[in-house]
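What follows is a single structure, written as structure tokens, with notes after it.
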Amino acid sequence: MTRLMSFISVILLIAVSSASFAGEPTFPSPLPDKLRVCADPNNLPYSNKDQQGFENKIAEQLAQYFHLDVEYVWFPQRMGFIRNTLKNYSDETGRFACDLVIGVPTQFDIAATTKPYYRSSYSIIFKKDGLLGAAITQQDVAALPDTVKQSLSVAAFAPSPAVTWLRDNGFKGNTSYFRIMNGDAEDYPGKMVNRVADGEFDMLVIWGPIAGYFAKSNPDLAVISMTSEGGNVFDFPISMGVRYGERPWKKTVEMAMEANAPEIAMILNDFGVPVVEASSAPLGGDDDD
């Protein structure tokens, strides 16, 4: 009887131990001591040093899932961003500066990309009480009388898919183009939305997450998410970025993305990010990692 009780006790101990670990996921790669995220210090709605952007919130969600603290490596998301963050190896620390970029285009050639976790599109943003107030679709904007089009002050970033659309639809002569990466670390594209709200421009074509975020806090602004037309592609998938050659880490990140998909969707919604269905033919995926 004593042996039987001892045997039962061992079986119960194994069962309890197994149950305690059953809820803990097994990751394809070892976890780092911290979730080190490469991010821009001044680029709302994505990220800033006060961690107010939606990419900051997503990073926090993933870190909570991994039971890790978040550590940021800040660098302006302009020329040299990946080189100075994700690919910046230090002999002193024996590691790279950071291991994850929360948002990159799925078709990104300088880092391996995860499966997309949202798709957004370029958007048209304007004041509701202006000449564009009745517009609901981009076709409504394109169908405006030429006299109305030429009376509008329009802004867009170049290069972008918006340039061709504006030129093809009668806005060539009255559009001011701006560089999305102008070298000024204190500047960011979201400032252009404020210039529409202030009446400096009647219409702005800009990437959807920027339009949606700033319009959400300004009820006088309307946003139209653009759909692709022929060769003009306006909607693009967004992924997370890791280093090439680190497939297990990439799979680990994708595992966390999938497990936290509802929370990530809620964060995007809270920040007004327009999430759209694909209206363009998908491009080939990134399998060379």
Hits in region 54-68 (condition: closer than 24 Å to Tyr188 by Cβ and in contact (Cβ under 8 Å) with a residue 60 or more places away in the chain): Phe54, Lys57, Ile58, Gln61, Leu62
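Hey, among the residues in region 60-74 that are open to solvent by less than 60 Å² (accessible area, probe 1.4 Å) and not in a strand (DSSP E or B), which one's farthest from Met255 (Cα to Cα)?
Ranking the candidates gives Leu68 first.
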Number of the condition not met by Val141 [criteria: (1) free of Cβ contacts under 8 Å to residues at least 60 places away in the same chain; (2) open to solvent by less than 30 Å² (accessible area, probe 1.4 Å)]: (1)
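Residues are listed down the side, and each one gets a yes or a no for (1) in contact with a Gly (Cβ under 9 Å, 6 or more places away or on another chain); (2) farther than 20 Å from Trp165 by Cα:
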position: Trp207; (1), (2): no, no
position: Leu221; (1), (2): no, yes
position: Ile224; (1), (2): no, no
position: Glu229; (1), (2): no, no
position: Val233; (1), (2): no, no
position: Ser239; (1), (2): yes, yes
position: Arg247; (1), (2): no, yes
position: Lys250; (1), (2): no, yes
position: Met255; (1), (2): no, yes
Residue tally, condition closer than 29 Å to Met226 by Cα, touching a residue at least 24 places away in the same chain (Cβ under 8 Å) and not in a helix (DSSP H, G or I), over region 80-135: 33
Residue in region 156-168 that is aliphatic (A, V, I, L, M), touching a residue at least 24 places away in the same chain (Cβ under 8 Å), part of a strand (DSSP E or B) and touching a Ser or Thr at 6+ places or on another chain (Cβ under 9 Å) present: yes
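The rows are residues; the columns are (1) closer than 22 Å to Gln138 by Cβ; (2) open to solvent by less than 30 Å² (accessible area, probe 1.4 Å); (3) at pLDDT below 95.
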{"site": "Ala215", "(1), (2), (3)": "yes, yes, yes"}
{"site": "Asn218", "(1), (2), (3)": "yes, no, yes"}
{"site": "Leu221", "(1), (2), (3)": "yes, yes, no"}
{"site": "Ser225", "(1), (2), (3)": "yes, no, no"}
{"site": "Asn232", "(1), (2), (3)": "yes, no, yes"}
{"site": "Met240", "(1), (2), (3)": "no, yes, no"}
{"site": "Gly245", "(1), (2), (3)": "no, no, no"}
{"site": "Trp249", "(1), (2), (3)": "no, yes, no"}
{"site": "Glu258", "(1), (2), (3)": "no, no, no"}
Tally, over region 99-115, of residues that are buried (at least 19 other Cβ atoms within 10 Å of the Cβ) and within 23 Å of Asp184 (Cα to Cα): 4
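The values are calculated or read from the model by the stated rules, or taken from the named source; none is laboratory data. Bear in mind the structure is a predicted one, so any value in this text is a computation, not a measurement. In this analysis, Cβ positions are derived from the backbone assuming ideal geometry, glycine residues included, and neighbour counts consider all displayed protein chains. Just the protein is used for accessible areas: all its heavy atoms, side chains included, with ligands, DNA and RNA removed. Shrake-Rupley method; radii C 1.70, N 1.55, O 1.52, S 1.80 Å.
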